[in-house]
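Worksheet for the structure shown next.
Read-outs throughout are calculated quantities, based only on the coordinates presented, and are distinct from any laboratory measurement. For clarity, every value in this text was computed on a predicted model and none was experimentally measured. Cβ coordinates were reconstructed from backbone atoms using ideal geometry, including for glycine residues, and neighbour counts include every protein chain displayed.
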Amino acid sequence: MNLSFSFDTGLQQRDILHRAAALLQMGEGGKAREALLGVRAHRIFDLQEAVIAVEMLLDVNLVDAALAMAERVREIDPLHPECADLLTECRFLIDRPANWRREGSDIRAALEHVNALARAHPRLAADRHVHIVCNLDSLGGTERRALNLHRMLCTHMPTTLWSTAPPHAAYRDEAPIRLIEGRAEAPSGGTLALIGTYYDCNDLLERGRFERMIICHNLMEQNQKLLSYLKRIENNPAHPPVELTFPSTMFGDLLGLPGTAEYSAVDLVRFQRRREHTATTDLAIGRHGRAYAYKYHFNDGAFFRDLVARGYRIRLLGGSAIERVFSHDAGARPELIAEGAVDARDFLDSLDLFVFRKHPQWVETGGAVILEAMAMELPVIVFPELCGCAELIVHGENGFLVSSEAEAFETIERLRAAPDLRRRIGGAARQTLIELQRRQQPELLARYRG
């Protein structure tokens, strides 16, 4: 081996990694990605540099290059404690579509078996009570879905909302919530509606004497948990039939599962715009949601920084997930508001435009925050890749679908110059939800009445 060559190339690779790391710290993910395209696994000789390189390549969604680098880690030290995990993560991301199809097939087989048992078993006496169960201890789309469903059903049929953990204070005034406490305080009879599949149900699935069950499956990461739910329901002596719902058609199609898309029923009375779209150029652009890193794109720091430089006000509710990327910015910067510090309706009413983009590795199976923005007559600009609620947007009619930052900037500039366009698109967005809920409500009521 030519040691001087190895030394020189090693320094070049180290320089790329240092530059990319600095760019990622500033939220300049696009530039970091361009730099990392120059990394060559076989030219990395330092073990720790190889490990860091894998992590950065995954951060900017260069998954094939990350796998090559993880294999380089194994070449340098096959016994390194992180080696197996890095290889597993890379292969998981590469194999995701095949894994989704396989998991969907397993879930479908388990669902068919549960429902075959139900058909062979005498049905319980008709009970129209609906028990909605969710973990309501935090702020999020799943929890909001449960509250919206309760609001929709409770005026039409006996409905009880249950939480598997003490509910978040923000929900206590919205609906009467009962806490599941063992078998002494637990739902029984009628229809069990599980909203989400990520929490523990105690022994409800095996012992609850329900006439039927409806499971809203809404996280790709919980496919195995849903499968375990169905295996447990097989052992329920009452043998209730099970129906699946999804937050979008996209999600059900990705898994190839039978079921119904049930879009979260936004409270259209509560989410109403109070401000007019005016001719000002000082537009407020933002988004809200959970303060979770994968809810943001790896280049969002640079994207929002560019919008600030163009004279826009940026407001991010739940923006603490990317707070560090603005820590050294001088002058104007985005306003980052802690998750839950402001009511979502009041926050949206302060905006003129709503922008939604997330990390490419995150599957946004629904996107209730987009629906809330549409209800508030905000023009929504959505990057639609693996985003369920994007299927409700007709580009240029009730919102905008963009595939690049250049398209997003062009759309935002158009909207800044045309308050009438903002008014028309926002009005059409709200009308879309009005018509959707008018069409969905009788189907929803029939489903939960059985």
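Taking 0.36 nm per residue of separation and subtracting the Cα-Cα distance, full extension of the segment from A341 to E181 would add 54.6 nm. What you get for the stretch 257-337, charging only the Cβ of Lys and Arg (+1) and of Asp and Glu (-1), is a dipole of about 140 debye around the Cα centre. Compared with the rule-of-thumb size 2.2 N^0.38 Å for a compact globular protein, the stretch 3-94 has a Cα radius of gyration ratio of 1.02. Between G399 and V394, the built amide H atoms are under 5 Å apart, and every one of these is 5 or more places off in sequence or on another chain. Taken along the Cα-to-beta-carbon direction at a fixed 7 Å, the label points for W100 and N61 span 1.3 nm. Expressed as a fraction of 2.2 N^0.38 Å, the value expected for a compact globular protein of N residues, the C-alpha radius of gyration of the stretch 205-309 is 1.62. Rounding to the nearest 10 and keeping the result within 0 to 90°, find how far the Cα-based axis of helix 63-76 lies from the longest principal axis of the chain. With both axes taken from Cα atoms, the answer is about 70 degrees. For the stretch 284-438, the alpha-carbon coordinates run over 47, 33, 29 Å along the three principal axes, in decreasing order. For the chain, the residue among A116, I381, A169 whose Cα projects farthest onto the positive side of the dipole built from Cβ charges is A116. Sorting 186-195, 84-93, 373-382 by their mean Cβ neighbour count within 10 Å, with the most densely packed peptide first, gives 373-382, 186-195, 84-93.
Between R172 and H18, residue separation times 0.36 nm minus the direct Cα-Cα distance comes to 50.6 nm.
Scaling against 2.2 N^0.38 Å puts the C-alpha radius of gyration of the stretch 335-421 at 1.08. Estimated from the Cβ-Cβ distance and a Förster radius of 51 angstrom, the FRET efficiency linking E221 and T280 is about 0.75.
Using the Kirkwood formula on the Cα atoms of the chain, what hydrodynamic radius do you get, in angstrom to one decimal? Before the final figure, lay out the partial values.
Working: mean 1/r = 0.0416 Å⁻¹.
Taking every pair of different Cα atoms in the chain, averaging 1/r and inverting gives 24.1 Å.
Could you tell me which residue out of G30, L58, I44 lies farthest along the dipole of the stretch 3-94 toward its positive end? Charges go on the beta carbon: Lys and Arg +1, Asp and Glu -1, centred on the Cα centre. Sorting the options by dipole projection puts first G30. Could you point to the residue in V130, L421, G319 farthest towards the positive end of the chain's charge dipole, with +1 and -1 charges on the Cβ of Lys/Arg and Asp/Glu respectively? Of the listed residues, the answer is V130.
Put a plus charge on the Cβ of each Lys and Arg, a minus charge on the Cβ of each Asp and Glu, and nothing anywhere else: the dipole of the chain about its Cα centre is then about 1240 debye. Compute the label zone of L268 within the stretch 397-439: residues whose backbone N is under 14 Å from the point 7 Å along Cα-to-Cβ. Once the point is set 7 Å along Cα→Cβ of L268, 427-439 turn out to lie under 14 Å by backbone N, inside the stretch 397-439.
Of the listed peptides 396-407, 271-282, 96-107, 135-146, what is their order by residue-averaged count of other C-beta atoms within 10 Å, with the highest listed first? List each step's numbers first, then the result.
Values: 396-407: 16.2, 271-282: 13.1, 96-107: 14.7, 135-146: 21.9.
Going by the mean number of other Cβ atoms within 10 Å, highest first, we get 135-146, 396-407, 96-107, 271-282.
Counting only lysines at least 8 places from K358 when in the same chain, those with an alpha carbon closer than 18 Å to its own are K31, K295.
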